[in-house]
Structure formats: C-alpha cells, structure tokens
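All of the numbers you see were taken from the coordinates with simple rules; none came from a lab. Everything numeric in this text was worked out from a predicted model, so none of it was measured. Every residue, glycine among them, receives a Cβ derived from its backbone with ideal geometry; neighbour counts consider all protein chains shown.
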Amino acid sequence: MLLLALFYHYSFCRLLRCFHLKYIFTSCIDMRYNSTMIKSFKNKVAEDIFHGSNSRQARKLPSNLHEKARRLLDQLNAAPTIDFLKVPPGNRLERLFGDYKNFWSIRINKQWRIVFRWKDDSAYDISIIDYH
C-alpha cells in the first residue's frame, strides 16, 4: 500500500513539474513574440538571417556562422535592457567609438559582429558587418 501511495505521489509530482515547465516555456515564448526589442534593420544580411531566409545577402556571412548569428539576434530581440546582453560573457558586448559612436556590438567571431543602436530599451539599425 505504501509503495502504491509513493508511486502515485511521484507520478503526481512529475505531472505538476511538467505543467510548471510547460507554463514557463509558453510564457517565455509569449514574451518573445509579444514584445520585440528589434525595431529596425540597417542591412539586409541581418534581416534575412534573423528571419531564416537563405538569400544572396545572407550568404555574405559564412554558412557555419548563421546559427550563432540567429541565436544572438534572438537574444537581442528578447533582451528587455542592454544589461541582459552582458550574459553570457561570450557575447562580448561592447560600446563602440569613432564612426560607430552610440552603437553597441556583439561578436559572432573574431571577424564578424552584430552592430546596433540601443535606445529606449529597443534595438535599432541592426547590421552584421565584417569588422576587419
């Protein structure tokens, strides 16, 4: 009898955990699609990679970097503030100077970066550039 009670308790806890995770997951998806932080793109490369199209412009970025660039653009789209982009440290969020004053960048690799302007908790003028 005790074994049966433990089995039902364990099954009930697993069921609750699944519903809880499903709630968290759907809440995150709803937040991502209902509150977009990306307001404008500066070049077609970033826009096509974000939307997942395999256009001539998107192929300017090497194909082995498309997945990472799309993931970073998704992070940028979901970030409510610029501070959220500091984590993980591998993003290497940097404020730019010179010709790119008031712009920020996230490194895709040593050569390519996602460059954007952050204003009023939104990202504007997003572009993927060959920084060297």
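Before moving on, here are some points about what is shown:
- Leading residue by the ranking (surrounded by the fewest Cβ atoms within 10 Å (Cβ to Cβ)) among those in segment 48-61 that are in contact (Cβ under 8 Å) with a residue 12 or more places away in the chain and not polar (S, T, N, Q): G52
- Qualifying residue in segment 107-123 (condition: assigned to a loop (DSSP other than H, G, I, E, B) and of a type in the set (G, A, S)): no
- Among the residues making up segment 82-109, those that are charged (D, E, K, R) and within 19 Å of T36 (Cα to Cα) are D83, K86.
- Tabulated pairs, segment 73-97, first closer than 20 Å to E47 by Cα, second buried (at least 16 other Cβ atoms within 10 Å of the Cβ) and charged (D, E, K, R), C-beta under 8 angstrom, 6+ apart or interchain: N91/R107
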